[in-house]
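Quick note: the coordinates plus some simple rules give every number you see, no bench work behind them. Worth saying up front: this structure is predicted, and the values here are computed from it rather than measured. FYI the Cβ positions are ideal-geometry reconstructions off the backbone, even for glycines, and counts take in every protein chain you see.
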Amino acid sequence: ILNVEQSPQSLHVQEGDSTNFTCSFPSSNFYALHWYRWETAKSPEALFVMTLNGDEKKKGRISATLNTKEGYSYLYIKGSQPEDSATYLCAFHTGFQKLVFGTGTRLLVSP
Amino acid sequence: EPEVTQTPSHQVTQMGQEVILRCVPISNHLYFYWYRQILGQKVEFLVSFYNNEISEKSEIFDDQFSVERPDGSNFTLKIRSTKLEDSAMYFCASTREETPNTEAFFGQGTRLTVV
């Protein structure tokens, strides 16, 4: 059974803090890793799709790295803002039209 | 910006009743999916659909479930005889291509409550 894990489950930081979360996934038969941001009552929104070992992607204050050999990805948020409060999901693409999701990290940023 | 839309946002149904969850994928997308998240659990894959056929389905997607693209714009998930354990948030998604590096676009979800 393919298992994708995320840590921590939840995180509460103050505005301006930088934070990071981890996603671990199987290191064999890697195709792609997707990161999503999911705000309450909204659609999960794709942040990054990562395919290459050593890949590093950035969107504003959010960045992500990928290590396919050891099976992990980190998501970083620099200078967290209250609007960053959301659940961050990673998902492993199996190569067969299917995403396997982690449990998500719920981030709360207090002003 | 194009988006995936789902209706209804919330549905309450009696156990044993049939429900149809509706989705309008992004218009130029060709691949369609249903996922669900039972409260407190991971988002899990149900089914993928392309060219009017199921491409992949999970163990969850048994004979009680069916999908259809009835009119070229809507994509529906039918549960024939709902059980309490079908209560979950159901997400529709679509992609333009089937490659692993293609971003999936998700709807806001339908929260199904079976009582």
- Message: At 7 Å along Cα-to-Cβ for each site, give me the label-to-label distance between A:Gln14 and A:Glu56 in nm.
- Response: 2.8 nm
- Counting other Cβ atoms within 10 Å, which GluC sites (Glu not before Pro) in region A:10-71 have at most 11 and lie in a DSSP loop? A:Glu70
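For the protein assembly as shown, what is the Kirkwood hydrodynamic radius in Å, using each pair of distinct C-alpha atoms? Could you put the intermediate results ahead of the total?
Details: mean 1/r = 0.0554 Å⁻¹.
Computed over the protein assembly as shown, the radius equals 18.1 Å.
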- Restraint check, A:Lys69/B:Lys57; A:Lys98/B:Lys78; B:Lys57/B:Lys78, Cα-Cα greater than 24 Å: A:Lys69/B:Lys57
- Query: Where both residues lie in the protein assembly as shown, what percent of DSSP beta bridges are antiparallel, nearest 5?
  - Reply: 90 percent
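Given a cut-off of under 8 Å on Cα pairs at least six residues apart, what relative contact order in percent is computed for chain B? Provide the component values of the computation, followed by the final result.
Details: 275 pairs, mean separation 43.7, N = 115.
Relative contact order for chain B comes out at 38 percent.
Can you sort A:Phe101, A:Phe92 so the residue with the fewest Cβ neighbours within 10 Å comes first? List each step's numbers first, then the result.
Numbers: A:Phe101 22, A:Phe92 26.
Final ranking by Cβ density, sparse to dense: A:Phe101, A:Phe92.
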- Task: Give the Rg (one decimal place) followed by the Dmax (whole number) of region B:1-111, computed from C-alpha coordinates and expressed in Å.
- Result: 13.2, 40
- Let me know the mean shielding of B:38-46 by other chains, meaning the per-residue number of their Cβ atoms within 10 Å of its Cβ. 4
- Message: How large is the direction-averaged shadow of the alpha-carbon convex hull of region A:1-88, in nm²?
- Response: 6.0 nm²
